Structures are given as C-alpha cells and as structure tokens.
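Report on one structure; see the data block that follows.
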Amino acid sequence: MTVTPETSPDASASADAALRTAVEDGLPATIADLCDLVRIPSVSWAAFDRSHVAASADAVAGLARGLGVFESVEIRQAGIPGGSELGQPAVLATRAARNGRPTVLLYAHHDVQPPGHDEEWESSPFEPTVRGDRLYGRGAADDKAGVMAHIASIRALAQAEGPDFDLGLALFIEGEEEFGSRSFANFLEENRDALRGDVIVVADSNNWDIDTPAITTGLRGNVTFRLTVRTLAHASHSGMFGGAVPDAMLATIRLLATLHDADGAVAVAGLTSRDAATPDYSEDQLRLETGLLDGVAPIGRGTILSRIWSQPSITVTGIDAPSVANASNTLAPMISVRISARIAPGQPAAEAYLALEKHLHANAPFGAALEIDDVDTGEAFLVDTSGWAVAEARQALTDAWGVDPVDIGVGGSIPFIADLVRVFPEAQILVTGVEDPDSRAHSPNESLHLGVFKRAVLSEAFLLGRLNRRTGR
Ligand SMILES: [Zn+2]
C-alpha cells in the first residue's frame with residue numbers, strides 16, 4: 001500500500017526538534033525510573049520468589065499509567081500449556097488509533113536472568129551503579145532499558161505533541177522472557193485484539209557498536225534434544241571383553257564426530273544455510289571476543305559472521321557418562337548427551353530436527369541403539385525488510401544516531417517472535433535494541449551504555465512521531 005506523509009519536510013523537521021528536546025530534557029527522569037526497575041530483582045526462573053516479578057509488573061504498570069496516554073493499563077497472566085499454573089504477570093496497556101493512523105505494538109520484558117555469583121559483580125547486581133559511560137546492574141540493559149526506551153519515547157511524544165495524539169499504541173511488557181516465555185502463546189491468543197498492531201517493535205536486541213545502530217533482520221532457530229546411545233545390556237570389565245564389543249562411549253564419540261567435517265563445518269545433510277552478505281568482522285575480533293586460544297583455529301567456512309548468522313551450528317552441551325574421578329575399567333553400556341543445534345534462518349525447526357535425526361540414525365556406529373527425547377525447538381526468523389515500517393525505522397535510526405544502521409543477524413534466537421508472526425501475519429516486525437557488544441546480558445557486570453540508550457530512545461521517539469503523522473497502514 002502506498003502511503004502519503006501528511007506533513008511537509010519543514011513541519012517534520014520541527015516535530016523532530018521538539019522530540020529531541022523532550023528526550024534530552026527527560027533523560028535524567030528516564031534513567032532514574034530505569035534504576036528503580038533495576039532495584040527490583042525480578043528473576044522469572046521457577047526457583048525464585050515470584051513476588052519480585054509481581055512488584056516489577058506493578059512498577060511498569062505505574063510508569064505506563066503515569067504517561068497519561070493509555071485508555072487501559074492492566075496486569076495480566078495467561079496459563080502455561082499442559083497444567084494449571086499461570087505464567088508470570090505481563091503489563092498490557094492500549095490506546096486506539098484515530099484518523100487512520102497505524103497502531104504500534106511495543107514489546108519488551110521486565111523479568112531478568114538470575115544474577116549468578118555476587119562476588120563476580122563489581123557492584124551489587126540489583127543496586128544500579130554508574131561507572132564511566134555505563135549503568136551496571138542485572139536488567140540494566142536486558143531488558144529493563146528496552147522497557148524504558150518504550151516508556152521514554154512515548155513520554156517524549158506526549159510532551160511534543162500533547163497526550164491526545166492519533167497514533168494507536170499497545171504496550172506489552174512480558175514477565176517471563178528469560179524463563180522460556182511459557183505462557184506467551186496463550187497470552188497472545190487471549191489478548192489478540194488488544195495486541196493487534198500494524199507495526200511491532202521488539203526492543204530486545206543489539207546494536208553494531210556504541211556509535212552505530214542496528215536493525216536485527218535475522219535470528220537463528222534452535223533444536224535441542226537428548227540423545228542416548230546403547231550398545232550393551234550391562235557393563236562389563238574392559239579387560240575381559242574390551243576389543244571385542246563396542247562400549248557406548250566409543251559409539252557415542254564416533255557418532256558425534258560425524259556431525260562436523262575436518263574444517264569443523266556442520267556435515268549433516270538437509271541442514272540448510274542462507275546466502276546473505278555480512279559486514280566485515282575480522283578473525284582478530286573473533287579471537288578477542290571469544291577468548292580463542294593462540295594456535296587454536298576458528299571453525300567453519302565462509303565469512304565469520306555468515307557462520308554465526310546464516311549457517312547452522314551444532315554443539316554438544318552436556319554428557320552423562322562416568323566421571324573421570326569415578327572411572328573404572330568398565331565398558332559403559334549407555335551414554336546420554338545433550339545436543340544443541342542452531343538453525344539457519346529460512347529453515348523450519350521441525351525440518352531441521354528431522355535432518356538431524358536421520359543423520360544420527362544413518363551414522364550410528366556398529367548398529368548402536370539410539371533414542372532421542374526431550375526435544376525442544378524454536379523457529380528461526382527473517383524480517384521482511386521490504387515494508388514501509390522498516391524504511392521508517394532505518395530513517396529514524398539514521399537521524400537519531402547520525403549514522404546509517406547496519407542490518408545484523410543474531411546467532412541466538414528469540415523464539416516468541418515466531419509466535420508473533422503466526423498470530424499477527426499482517427504486522428511488520430522491527431527488532432531493535434538498547435544493547436551493544438559490551439553489554440554482557442545474562443552475565444556478571446551487565447551494563448547499559450548511556451549514550452547508546454539516549455540514541456535508542458531518540459530513534460524510537462522519531463519513529464513514533466513519524467508514524468503518528470502517517471496515514472495508511
Ligand atoms: Zn532480553
């Protein structure tokens with residue numbers, strides 16, 4: 001659909017200037033609100049006190065109400081499939097669009113990862129602390145800064161245009177992203193009408209660096225499962241029968257070795273790759289960021305970023321086998337491993353799983369018996385970059401940062417995006433973020449770069465301001 005901007009270039013320049021002033025004036029309050037959110041230890045994992053996640057939902061709902069632009073602000077929960085348990089509380093705030101303007105669904109999450117060991121933190125994880133240009137604390141970046149990017153950009157829009165603007169908004173702040181979004185699909189179904197948007201902004205990803213914004217256009221999917229390999233009905237003395245019958249360890253080692261070729265590239269037929277250009281990224285940078293040891297080579301083929309963004313990978317992430325300390329001279333009858341595969345954008349996770357299963361059975365050494373269970377999949381995702389919302393977002397990022405955004409892939413996955421696409425196939429999805437390569441989300445000393453944060457808020461304010469002046473969806 002073609003869309004005609006309603007305002008002249010001069011009018012939009014002055015609207016941008018008003019938004020810039022509002023964002024800059026509001027920044028101290030925005031950071032203070034962010035610090036208040038970080039002080040709430042809203043870890044959503046099952047073993048943690050749910051009252052903190054509830055308190056965090058209350059705090060976010062209070063911020064949403066304080067904007068004075070929503071017709072409704074509610075805290076809602078949905079059931080987790082396969083039981084009577086409810087998911088963690090989410091905040092849902094809505095206002096209807098008027099005068100043919102689009103509706104934007106703004107997503108972030110208010111729950112956080114566990115802090116890990118306090119002694120690995122330079123300052124206490126739930127006491128937000130500024131050192132240099134960065135604000136440290138669990139959730140300071142992932143994703144309470146995403147929450148505040150939405151709140152602050154709406155606040156700026158309300159200040160620049162008055163709270164009576166035409167843009168439709170649905171603010172959806174999830175409470176269990178870090179614990180697998182278990183009630184997410186039900187939540188979408190139950191709140192489908194409230195969540196419907198022409199554009200969906202998911203503020204939970206990364207920027208290229210602290211000076212260069214990014215739009216995330218590709219996310220790998222994942223397939224994980226337990227593989228059990230059996231060769232013997234019971235253990236035997238390795239001196240007695242070793243050399244005549246295969247133990248499960250030998251079969252497992254040989255089987256796992258078939259998953260990669262001599263370059264360390266994935267060697268499973270049927271797992272696909274995507275052909276896409278990637279920005280420059282040197283082997284030195286890879287060595288620096290991963291701690292790759294001198295003398296140890298990288299693995300895979302193609303550009304380094306294509307290996308992370310556009311090709312599959314397979315990692316053995318766990319193994320149940322006799323430990324070294326308890327090793328006896330025994331032929332092990334059975335070994336279990338956890339296999340975690342990342343799937344290239346463009347391939348359905350179920351298809352990738354079948355390719356892996358077929359490969360394992362076809363390569364089982366000595367006719368070893370295989371069993372696969374505990375399968376978990378998440379879909380890969382490719383943003384359709386042809387829509388007008390992506391073009392608007394690129395322009396907003398360029399104007400706020402003074403540099404064009406880089407299209408990036410992400411090696412990990414945000415599986416709930418596949419749910420969003422399934423429930424709202426018409427919506428244009430934008431994956432943006434407040435993080436930078438040093439944010440260390442999920443790790444000790446997580447932090448937010450305050451300059452990046454300001455530019456992220458400004459970009460989103462520009463985007464909302466332009467959508468508010470736009471007719472047509
Ligand atoms: Zn996150």
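The values are calculated or read from the model by the stated rules, or taken from the named source; none is laboratory data. Small disclaimer: the values here were computed from a predicted structure and weren't measured. Neighbour counts run over all protein chains shown; Cβ positions are idealised from the backbone, glycine included. Keep in mind that these areas ignore ligands, DNA and RNA; they rest on the heavy atoms of the full protein, side chains included. Shrake-Rupley method; radii C 1.70, N 1.55, O 1.52, S 1.80 Å.
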(request) Mind running the shape call on region 182-291? Use the C-alpha gyration tensor, a ≥ b ≥ c as the square roots of the eigenvalues: rounded below 1.5 for a/c, prolate if a/b tops b/c, oblate otherwise. (result) oblate
(message) Quick check for me: using +1 on Lys/Arg Cβ and -1 on Asp/Glu Cβ, what's the dipole size of region 242-328 about its Cα centre, in debye to the nearest 20?
(response) 240
(message) Show me, for region 98-104, the HN-Hα J-couplings you get by feeding each phi into the Karplus relation (A = 6.51, B = -1.76, C = 1.60, θ = phi - 60°), rounded to Hz, glycine and proline as x.
(response) 10, 6, x, 7, x, 10, 10
(message) I'd like to know which of Ala96, Gln113, Val375 lies farthest towards the positive end of the charge dipole of the chain, counting +1 on Cβ of Lys and Arg and -1 on Cβ of Asp and Glu.
(response) Val375
(request) Specify which residue in the list Val316, Val23, Val130 is farthest towards the positive end of the charge dipole of the chain, using unit charges on the beta carbon of Lys, Arg (+1) and Asp, Glu (-1), about the Cα centre. (result) Val316
(message) Using amide H atoms built in the peptide plane, which far-off residues or other-chain residues are under 5 Å from Val410 H to H?
(response) Gly218, Leu219, Arg220
(request) Find the accessible area per residue for the chain; the probe is 1.4 Å, ligands and nucleic acids are left out, and the unit is Å². (result) 43
(request) Could you run the Karplus curve 6.51 cos²θ - 1.76 cosθ + 1.60 with θ = phi - 60° over region 200-217 and give me ³J(HN,Hα) per residue in whole Hz, x for Gly and Pro? (result) 10, 10, 9, 9, 8, 9, 10, 10, 5, 7, 6, 10, 10, x, 9, 10, 7, 10
(request) Can you tell me the 0 to 90 degree angle between the C-alpha axis of helix 144-161 and the longest principal axis of the chain, rounded to 10? (result) 20
(message) Tell me the relative contact order for region 168-275 as a rounded percent, counting alpha carbon contacts under 8 Å between residues six or more apart.
(response) 13
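In deg cm²/dmol, rounded to 500, what helix-only [θ] at 222 nm does the chain give when every DSSP H run of at least 4 residues adds -39500 (n - 2.57) and the total is split over its residues? Please list the in-between numbers first.
Values: 13 runs with 160 residues, N = 473.
Mean residue ellipticity, 222 nm, calculated: -10500 deg cm²/dmol.
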(message) Using amide H atoms built in the peptide plane, which far-off residues or other-chain residues are under 5 Å from Gly264 H to H?
(response) Gly300
(message) Contact order normalised by length for region 1-160, with contacts defined as Cα pairs under 8 Å and 6 or more residues apart; what percent is it?
(response) 28
(message) Can you give me the % of accessible surface on the chain that is carbon or sulfur? Probe 1.4 Å, all protein chains present, nothing else counted.
(response) 52
(message) With +1 assigned to the C-beta of every Lys and Arg and -1 to the C-beta of every Asp and Glu, and no other charges, what is the dipole magnitude of the chain about the Cα centre in debye, to the nearest 20?
(response) 760
(message) Can you give me the long-range amide H partners of Val130? Hydrogens built in the peptide plane at 1.01 Å from N, cutoff under 5 Å, separation of 5 or more residues or another chain.
(response) Tyr136
(message) Suppose we keep just the DSSP beta bridges with both residues in the chain; what percent of those would be antiparallel, to 5?
(response) 65
(message) Show me the ranking of peptides 202-213, 126-137, 369-380, 168-179 by mean Cβ neighbours inside 10 Å, starting with the highest.
(response) 168-179, 202-213, 126-137, 369-380
(request) With +1 on each Lys and Arg Cβ and -1 on each Asp and Glu Cβ, and nothing else charged, work out how big the dipole of region 19-68 is about its Cα centre, in Debye to the nearest 20. (result) 120
(request) May I ask you to derive the relative contact order of the chain, considering only C-alpha pairs under 8 Å and at least 6 residues apart, and to give it as an integer percent? (result) 26
(request) Could you go through region 51-63 in sequence order and give the Karplus-derived ³J(HN,Hα) for each residue, using 6.51 cos²θ - 1.76 cosθ + 1.60 with θ = phi - 60°, rounded to whole Hz, and x for Gly and Pro? (result) 5, 5, 5, 5, 5, 5, 4, 4, 5, 5, 4, x, 4
